[in-house]
Each structure stands twice: as C-alpha cells, then as structure tokens.
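**Student:** Encoded as structure tokens, here's the structure I'll be asking about.
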Amino acid sequence: MSTEKNVQTVKDFFAAIGGGDREGVLALVAEDIEWIIPGEDWPLAGTHRGHAGLADVIQKASEQIEMTSPEPPEYVAQGDRVLVLGVATGKINATNKPFRDDWVFAITVRNGKVTKIREYIDTQALARASEMDANPTPSPTDTGAAQRAS
C-alpha cells in the first residue's frame, strides 16, 4: 500500500477509537495486532495482543482515564511506518489527578491493517497521576519515620 493510504488507515483508526466505534477499530487492525504501552505503575501499561487484548485495553482506557487531545496530531510516514505525534491531557479517574502526556505512536501498517503499535509516552506523568495518595501516618515498621517524628 502507499504511504498515503497507510496514513489514512491510521487516521481512521484514531477516529474510530475517539468515536467509540469498536467494530470500526477491529476492522482496521490485524487479528494478531500487538500494542505495547510502556510503564509499570499505571493501569494500561503492558503488551496487548490480538483483538481481545486490543478490546481490553480500549475498554480499560475508557473506564479509567478521561482524556482529550487539545490539538490534532501530526503524522509522519515512510513506507509501512506511520509516526503519530500528539499531546493528551486529562485525569486518571481513580485518583482524580490530572496529567499532560506528550506522546509518539510508532505504528506499522501492512495490507491496509494496523499490525503493531508502540507508544512512546510520558510514563512518569501517567504513573504520578495514577498514584493513590499515601497514608500520612507512618507505619510502625518504618523506623526512619518514627525516629524523624520523635
């Protein structure tokens, strides 16, 4: 496929996700899609595979995160690779903490289907927004905190 068609496939993919069109999303991705979201301390991190993994991560995102993209993303493409650069702002629902995430998605498109997504995101901003507020009372096993308190 041409680079222009690959970019259009990715634009259609983002539009389907943004519009909550689950069937449209699944129609645009390969059955063995792999979506890698880096990080450890936030709900969406991990490697998500296949239609079931994709559906699961999209469902989690819609339940756990309120997000907007204040400006349209930029698309840079060469061959079967499409880079999408953007900014997202929002909050993590469980903590009600806001975040700003400057991101890049490296997407591979083959035969008109998205086959791989690798996110490059501000994992620290998202992990920080996902942190539950710590209990300010020191634990009895925290000797350093007990010594500082005395």
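Please treat every number below as a calculation from the coordinates, not as lab data. Computed from a prediction, not measured in an experiment: that's the story for all the values here. Please note: Cβ atoms are built from the backbone with ideal geometry, for glycine as well, and neighbour counts cover all protein chains shown.
**Student:** Could you tell me how many degrees, from 0 to 90 and to the nearest 10, lie between the Cα long axis of helix 50-64 and the main elongation axis, the longest principal axis, of the Cα atoms of the chain?
**Tutor:** Relative to the chain, helix 50-64 is tipped by roughly 50 degrees.
**Student:** Taking other Cβ within 10 Å of each residue's Cβ, how do Ser130, Ser62, Ser2 sort, fewest first?
**Tutor:** Ser2, Ser62, Ser130
**Student:** Among Val25, Val57, which comes first, then next, by fewest other beta-carbon atoms within 10 Å?
**Tutor:** In order of increasing Cβ crowding within 10 Å: Val57, Val25.
**Student:** May I pose another question? Ile58: net charge of surrounding residues, Cβ under 11 Å, Lys/Arg +1, Asp/Glu -1, itself excluded?
**Tutor:** -1
**Student:** Work out the length of the dipole vector of the range 1-126 about its Cα centre, built from +1 on the beta-carbon of each Lys and Arg and -1 on the beta-carbon of each Asp and Glu, and round it to the nearest 20 debye.
**Tutor:** It works out to roughly 160 debye.
**Student:** Can you pull the Rg over Rh of the chain, Cα-only, Kirkwood?
**Tutor:** With Rg and the Kirkwood Rh in hand, the quotient comes to 1.11.
**Student:** Set Lys and Arg Cβ to +1 and Asp and Glu Cβ to -1, take the dipole of the range 1-46 about its Cα centre, and tell me which of Ala45, Val29, Val7 lies farthest positive.
**Tutor:** About the Cα centre, the residue reaching furthest to the positive side is Val7.
**Student:** Here is a further query. Using +1 at the C-beta of Lys and Arg and -1 at the C-beta of Asp and Glu, which of Ser62, Phe99, Asn111 has the Cα lying farthest in the positive direction of the dipole of the range 3-132?
**Tutor:** Highest projection toward the positive end goes to Asn111.
**Student:** Hey, got the dipole for the range 15-83? About the Cα centre, +1 on K and R Cβ, -1 on D and E Cβ, debye to the nearest 20?
**Tutor:** Rounded to the nearest 20 debye, it is 80 debye.
**Student:** A follow-up question, please. Could you work out which residue, out of Ile117, Ile17, Ile107, moves most in a Gaussian network model of the chain, that is, has the largest mean-square fluctuation with Cα springs under 10 Å?
**Tutor:** Highest fluctuation among the options: Ile17.
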